[in-house]
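In what follows, a structure is listed as structure tokens, so that the remarks can point back to it.
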Amino acid sequence: MRGRQALLVVDLEGVAGVDSPGALISGMPEYTRARALLTAEVNAAVEGLLAAGFHRVRVSDSHLCGSGESNLLPEALHPAAEPCFLPEDAYAAPLFEDVEAVACLGMHAAAGPVGFAAHTVDVLGAWTCAGRALSEADLVLALAAEAGVPAVFVSGDDVLQAQLGGRVAYVRTKVALSSTRAYSREPEAVLPELTHAAALPARHVEPLPDVPLVLTFKSGHQAALAAQAGARRLDPYRVEVEGCTFRERYTRALEAASAAGAVLADAVAEGPGGPGFLRDATALFRLRGPPAHPPAPRTEAVDRALGAFLSLTQGEDDESRALRALTLHMLEGHAPGAFARRGLGPTLEAAVAALAEVPLALPDGLSPDVGMARVDAWYVRRERGLPHAPLEPSPLRAYLEHLADEGHGLHAWLLGEMAATRGLDVRLPFPARAMRDVSRVADLYWLTHLYLLDTRYLRAAPRHPDATAWTEELLVATPWVVEQGNVDLGAELAFCLQCVGEAGGGAHEALLALLESHQQPDGCMEDAHATAGALLAFAGAEERLPGFPR
């Protein structure tokens, strides 16, 4: 006889002493201690469940650390514990069979802006039921309620405690300081409380309403993948799943979430244990989903940016002329309604005409910015079907080699690619994303210019098969760009997200908020280039507001 059994579902984020994302990921220095802390908490809970009359405890380890293996230390685990690790579904129906109670240990808050490492099932989607945010503890309790299994306790941070609202006994292990930091209680103080809570009588929990589950994702591509897995698309970022039972709805939602999770292979750098993986995983905790309500039009921001941009580019130097013409050329294609409402046609015509005065000589020693301006001038005139002096292949190739030799590889690559789009192919043999391991800022500029080249500088829809993968990278990069306060790069990320239909997401809104916070009363940003980028971003956002006149 096996005797009475209980189910203990465990996670890692809510364990006392686990206070940073590094402790959650296999291969990071903090993770080794986190495993020991988790195992100690499990053992303390098992002792309490044994004191309550249970004979065995089925322990389902739900935390995916990246190693593909359980987080528990088998050699240190209580002999009455039966560890289970089902990475595809840690709440699978067989786990609830032949158990008389369920408890949840080391849990975290529902996906949202508060709670340490707050997420639901994965770092991409937020789950709701009848408008209420669901945590993973909510899912376990709902599955238990439907199976007729009472609940004993839940442990985790203060945010999850508030979200559960006293529906079950609770052990608070820490206070969440942000999505990526927490302040834990001493583990020695938490362990006896877990033993005490586990010995309490189990009580039945109210089931969730019999309505569809709604999943809200951080990109439209993620929602599209979820819809392909059988969920019903509600809007660009949300899907819903139905079912006759909560178990059916949960299973279908899990399948949709798993399908959306395919984007992580493109979005997250390196593998678990590397600094790039930790950086990107942390960013996904911080990346918000779409705002609850569409933002108000930023018409004043557009007008201020336009006024500042025209003032900053009224000079007759090569850089001013090229930036003025190229930006207005891009604006005409990217936000034609905003462009027309402001009567910018004659201004663009005059700017393009002035490009005929920009020389095309590219001598060694010419600064990268001036060289870029001269190629930009040639490019815009060619794009618009206007005559221009020829750009000679040999001098251009020599100039690209000079730029590369002088450490200006990004300029050398971009000038070569721009010329190639107009039939002049003298490109140097750069590897794909050559700046990835050199500079994150340079690599992100490389990435945004892949969009620009693919869309003919915002004049056409993206066509490249890798555009969706690029977009997931931009989304993950957004929290870092905002944290760095890089308004020039932030503007480029914003208008790139706009051109792939991501103007309704949380990343896009965070980038616009960054630009607004740095825009001076006269509309200027930090320089003319950043002001041009902000103009495109603000006008592109205005163009894409639902119901805004085109």
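Just to check your reading of the model, which residue among ALA507, ALA530, ALA534, ALA513 is assigned to a helix (DSSP H, G or I), out of contact with any Phe, Trp or Tyr (no Cβ under 7 Å at 6 or more places or on another chain), under 13 Å from LEU306 (Cβ atoms) and in the same structural domain as ALA308 (by TED's automatic domain parsing)?
ALA534
Taking (1) part of a loop (DSSP other than H, G, I, E, B); (2) buried (at least 23 other Cβ atoms within 10 Å of the Cβ); (3) in contact with a helix residue (DSSP H, G or I) (Cβ under 9 Å, 6 or more places away or on another chain); (4) not polar (S, T, N, Q) in turn, ALA111 satisfies each apart from (3). The set of residues from segment 29-46 being closer than 22 Å to PRO201 by Cβ and either surrounded by fewer than 20 Cβ atoms within 10 Å (Cβ to Cβ) or polar (S, T, N, Q) (or both) comprises just one member, ASN43. Total residues in segment 357-405 satisfying the condition of being in contact with a helix residue (DSSP H, G or I) (Cβ under 8 Å, 6 or more places away or on another chain) and under 20 Å from MET435 (Cβ atoms): the figure is 10.
Take ARG35 and decide whether it is assigned to a strand (DSSP E or B), modelled with pLDDT of 95 or more and over 17 Å from VAL121 (Cβ atoms). No.
Within segment 514-533, if we keep just the residues that are of a type in the set (S, T, N, Q) and surrounded by fewer than 18 Cβ atoms within 10 Å (Cβ to Cβ), the residue that is nearest to CYS496 (Cα to Cα) turns out to be SER517.
A quick yes/no check of all residues on (1) at pLDDT 90 or above; (2) part of a helix (DSSP H, G or I); (3) within 22 Å of ASP437 (Cβ to Cβ):
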residue	(1), (2), (3)
ALA260	yes, yes, no
ASP266	no, yes, yes
GLY271	no, no, yes
GLY276	no, yes, yes
ALA281	no, yes, yes
PRO291	yes, no, no
PRO294	no, no, no
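What tally of residues in segment 313-340 results from selecting those that are in a helix (DSSP H, G or I) and either among the acidic types (Asp, Glu) or closer than 22 Å to MET525 by Cβ (or both)? So the count comes out to 19. May I ask you to verify whether GLY125 is surrounded by fewer than 23 Cβ atoms within 10 Å (Cβ to Cβ), within 27 Å of HIS221 (Cβ to Cβ) and under 24 Å from the mean Cα position of the chain (by Cα)? No. Among the residues of segment 304-348, those that are farther than 26 Å from GLY501 by Cα and either among the hydroxyl-bearing types (Ser, Thr, Tyr) or not assigned by TED's automatic domain parsing to the domain that holds TRP378 (or both) comprise SER311, THR313, SER320, THR347.
For segment 345-357, does any single residue satisfy the condition of being buried (at least 16 other Cβ atoms within 10 Å of the Cβ) and either modelled with pLDDT under 95 or among the acidic types (Asp, Glu) (or both)? No: zero hits.
Within segment 66-103, how many residues turn out to be among the β-branched types (Val, Ile, Thr) and either surrounded by fewer than 16 Cβ atoms within 10 Å (Cβ to Cβ) or in a loop (DSSP other than H, G, I, E, B) (or both)? Total meeting the criteria: 1. Run down ASP466, ASP425 and say which single residue is surrounded by fewer than 16 Cβ atoms within 10 Å (Cβ to Cβ) and at pLDDT 95 or above. Just one listed residue meets the conditions, ASP425. Looking only at segment 144-162, count how many residues are outside any strand (DSSP E or B) and touching a Leu at 6+ places or on another chain (Cβ under 9 Å). Residues that pass the stated criteria total 4.
Among the residues of segment 218-236, none qualifies, meaning not one is closer than 19 Å to VAL9 by Cβ, among the charged types (D, E, K, R) and surrounded by fewer than 22 Cβ atoms within 10 Å (Cβ to Cβ).
Considering ARG298, ARG249, ARG279, the condition of being closer than 30 Å to GLY523 by Cα, crowded, with 16+ Cβ neighbours inside 10 Å and either of a type in the set (Lys, Arg) or touching a residue at least 24 places away in the same chain (Cβ under 8 Å) (or both) is satisfied by ARG298 alone.
In segment 148-190, the qualifying residues are those that are aromatic (Phe, Trp, Tyr) and out of contact with any Lys or Arg (no Cβ under 8 Å at 6 or more places or on another chain), and the one that is surrounded by the fewest Cβ atoms within 10 Å (Cβ to Cβ) is TYR170.
The values are calculated or read from the model by the stated rules, or taken from the named source; none is laboratory data. From a predicted model like this one, the values you see are computed outputs, not experimental measurements. Ideal geometry is used to build each Cβ from the backbone, glycine not excepted, and the neighbour counts take in all protein chains shown.
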